[in-house]
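Written below as structure tokens is the structure these notes are about.
The values are calculated or read from the model by the stated rules, or taken from the named source; none is laboratory data. Here the structure is a predicted model, which is why all the values come from computation and not from measurement. Don't worry about glycine lacking a Cβ; one is built from the backbone with ideal geometry, like all the others, and counts go over all protein chains shown.
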Ligand SMILES: [Zn+2]
Ligand SMILES: [Zn+2]
């Protein structure tokens, strides 16, 4: 050992009463594979040997040993009792940690968390801590006074020591720094153990096969969820929602407190969502159970939804996926089928048909925020592209069309024109009032298999 280090250790031990861990931690970044507790014992033994030698040659007085005798340094006591049969271990607490890091105390604190954790299912965890400033300050002061440059922080040691103990109590759990299932935080100021169960994220796609169902739970505007006459004391504007059909079985299965539904965009309440469905991420907050069977939940959801909603689950995901869904939603192509009424009726000739397709297909539509949403969205003009426009059924009163377009295009307004706010529009091109009577979203395309790059020329 570097004699300079030994000198520092001697000075620290002489002035400060510290437990093994607190002494060892001041040199924690020297040598790996040792606990600070073991480092502390090793250092104390060396100093004890040195001092005993000096004592024998009568270089130091017996009183010097008292500073070495912490509660957790039995070896020192046994050795000293040879010379001083009356010597007993010190009951003075550690000047740095106030005995927080003594093994018994760490064991007790671990038990406290272990008991609270029994109601959770988890395979990864992380321990954190909030320390009283007085402890952090006293350690900082000692470091600077004695120029101790190899120290580890007391928080890091505390978190690691509790982590090791917890890991030994719960089989098959591991410490995970990035995305642990559970975070255990010791608030050492308030003397509390806080358990946080991180959310579960489930990726899937839903189909909405009946009109009149909103995507998310919609509280009654009048009572805001409390229940009133207007909402028939349900607290809701609509009895059902895609969100509730999907989340309720999950809340039960995971014994969770709440959930959030993140859709990749949303269709209108009166539009169906068919085809392969719309991607979504379901976020389950504070789950107690994490291992849920997605196949079984799919069955439960669909049984309860009575054919109104269907789901496919792709598996578990993370928060990054939620951001990805939200940001790419407007870049994703969507395919629609719209049933349109024409008033007054109009004969659509081949020439007229060709003209409309030419105006829409691969064209940029200028769309000012529609009247129906301008109360909640900024009033501005957007450019959105129609990729494919196709007639599927034609009669003078009613037509059906297929539209593939960029995400964010308001299809109802593409047809109606929204009093001139969308141009061109079908109403404008036909010179009659065209209104969407039924709308289905038939595909929400993933960017990878998006038809944006192809040029479908068919137009029957
Ligand atoms: Zn200590
Ligand atoms: Zn109400």
>> For segment 230-274, give me each residue that is out of contact with any strand residue (DSSP E or B) (no Cβ under 7 Å at 6 or more places or on another chain), away from ligand 2 (no atom under 16 Å from the Cβ), assigned to a loop (DSSP other than H, G, I, E, B) and within 30 Å of residue 121 (Cα to Cα).
In response: 255
>> When you check residue 337 against the structure, is it at pLDDT 95 or above and part of a loop (DSSP other than H, G, I, E, B), yes or no?
In response: no
>> From the list 64, 77, 46, exactly one residue is more than 16 Å from ligand 1 (Cβ to nearest atom), surrounded by 13 or more Cβ atoms within 10 Å (Cβ to Cβ) and farther than 24 Å from residue 7 by Cβ. Which is it?
In response: 77
> Just checking, which of 298, 308 is in contact (Cβ under 8 Å) with a residue 40 or more places away in the chain, more than 16 Å from ligand 2 (Cβ to nearest atom) and surrounded by 16 or more Cβ atoms within 10 Å (Cβ to Cβ)?
Replying inline: 308
>> Tell me yes or no: at least one residue of segment 240-255 is surrounded by fewer than 17 Cβ atoms within 10 Å (Cβ to Cβ) and over 22 Å from residue 317 (Cβ atoms).
In response: no
> Looking at 158, 131, 114, which one is modelled with pLDDT of 95 or more and touching a strand residue (DSSP E or B) at 6+ places or on another chain (Cβ under 8 Å)?
Replying inline: 158
> Taking segment 204-236 as the region of interest, how many residues are touching a helix residue (DSSP H, G or I) at 6+ places or on another chain (Cβ under 8 Å) and either within 16 Å of ligand 1 (Cβ to nearest atom) or over 19 Å from residue 258 (Cβ atoms) (or both)?
Replying inline: 3
>> Which of the numbered conditions does residue 211 fail, given that it passes all the others? Conditions: (1) within 13 Å of ligand 2 (Cβ to nearest atom); (2) surrounded by fewer than 19 Cβ atoms within 10 Å (Cβ to Cβ); (3) on the phi < 0 side of the Ramachandran plot.
In response: (1)
> Residues in segment 173-195: is at least one surrounded by fewer than 20 Cβ atoms within 10 Å (Cβ to Cβ), more than 16 Å from ligand 1 (Cβ to nearest atom), over 30 Å from residue 135 (Cα atoms) and assigned by TED's automatic domain parsing to the domain that holds residue 110?
Replying inline: yes
